1. If you consider only alpha-carbon coordinates, what radius of gyration and Dmax does segment 109-188 have, in Å?
2. On a full-extension model of 0.36 nm per residue, what is the gain between GLN120 and ASP178, subtracting their alpha-carbon distance, rounded to one decimal in nm?
3. If I model a spin label at ASP163 and ASP106 as a point 7 Å from the Cα along the Cα→Cβ vector, what separation in nanometres do I get?
4. Determine which aspartates and glutamates satisfy two conditions relative to LYS32: a Cα distance under 13 Å, and not lying fewer than 8 residues away in the same chain.
5. Between LEU114 and residues 5 or more places away or on another chain, which pairs have amide H atoms under 5 Å apart, with H built 1.01 Å from N, and which residues are they?
6. In what order do HIS89, HIS64, HIS112, HIS98 fall by count of nearby beta-carbon atoms within 10 Å, going from fewest to most?
7. Which GluC sites (Glu not before Pro) does segment 99-155 hold that lie in a coil by DSSP with at most 11 other beta carbons within 10 Å?
8. How many nm is it between the label spots at LYS32 and ASP67, if each spot is 7 Å from the Cα in line with the beta carbon?
Amino acid sequence: MTPHLRQLASLLCVLTAGPLSAPASAWELAGKKVITLQTRDGQSIPIGNVFFSPAGEKSAFSLHLDDTRMKDFFLSMKEFKCLEGEELHCHVPYPYAHPGTVSRNDLRWLEHALLFLYKQPKDFGARLWNGLYYQMEITEKGIVGTPQAVDLGQIGAPPASTDIPPYGPEERSDITPDARWIRRLTIE
């Protein structure tokens, strides 16, 4: 058998053994990622970045919202950064110290860092019971956050423990898909 035929036979063996594929890599909680809001009419609006710094099983994170994408609104004696559209979608920074860490199985502090409230443009003031909590899940492409309803008045007073996120499953409730202007939050 000639060298050329041996190479051809080897290639044929590889091709018939199964499909060639690169090993799948899991999405990592590392580096700079873009935070995007997805509207119910199909728009994707990038609003900032989150920076992940791996440290063993956990990753520290820091959040940086793009002030040019959001406008300042003074609502109920407090300043909010809001995205204007069918509704105002206003970021509500978690006001207390927290670890600022996440793991593949626990994204609760990131979820608390990305709390929002919504309001109709015609409504006066901020209605803290119109809070949105994005329950997050890691996928192959990144993190997907699905909105749930929360009463943000609950964080008006400091929590008993700063190590435990205050919004557990019992403090949140599902909302009808597409009931809100922002239907999903992604981090990729």
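Here, each number is a calculation from the coordinates, and none is a lab measurement. Source: prediction; values computed, not measured. No Cβ is skipped: glycine too gets one built from the backbone with ideal geometry, and neighbour counts run over all protein chains shown.
1. Gyration radius and largest Cα-Cα distance of segment 109-188: 13.3, 41 Å.
2. Working: separation 58, 0.36 × 58 = 20.88 nm, distance 1.54 nm.
Gain in length upon complete extension: 19.3 nm.
3. 1.0
4. GLU188
5. Residues meeting the criterion, in which the H sits 1.01 Å from N, do not exist here.
6. Values: HIS89 24, HIS64 12, HIS112 20, HIS98 17.
The order, fewest Cβ neighbours first, is HIS64, HIS98, HIS112, HIS89.
7. Passing sites in segment 99-155 are GLU140.
8. Each label point lies 7 Å from its Cα, and together they span 1.8 nm.
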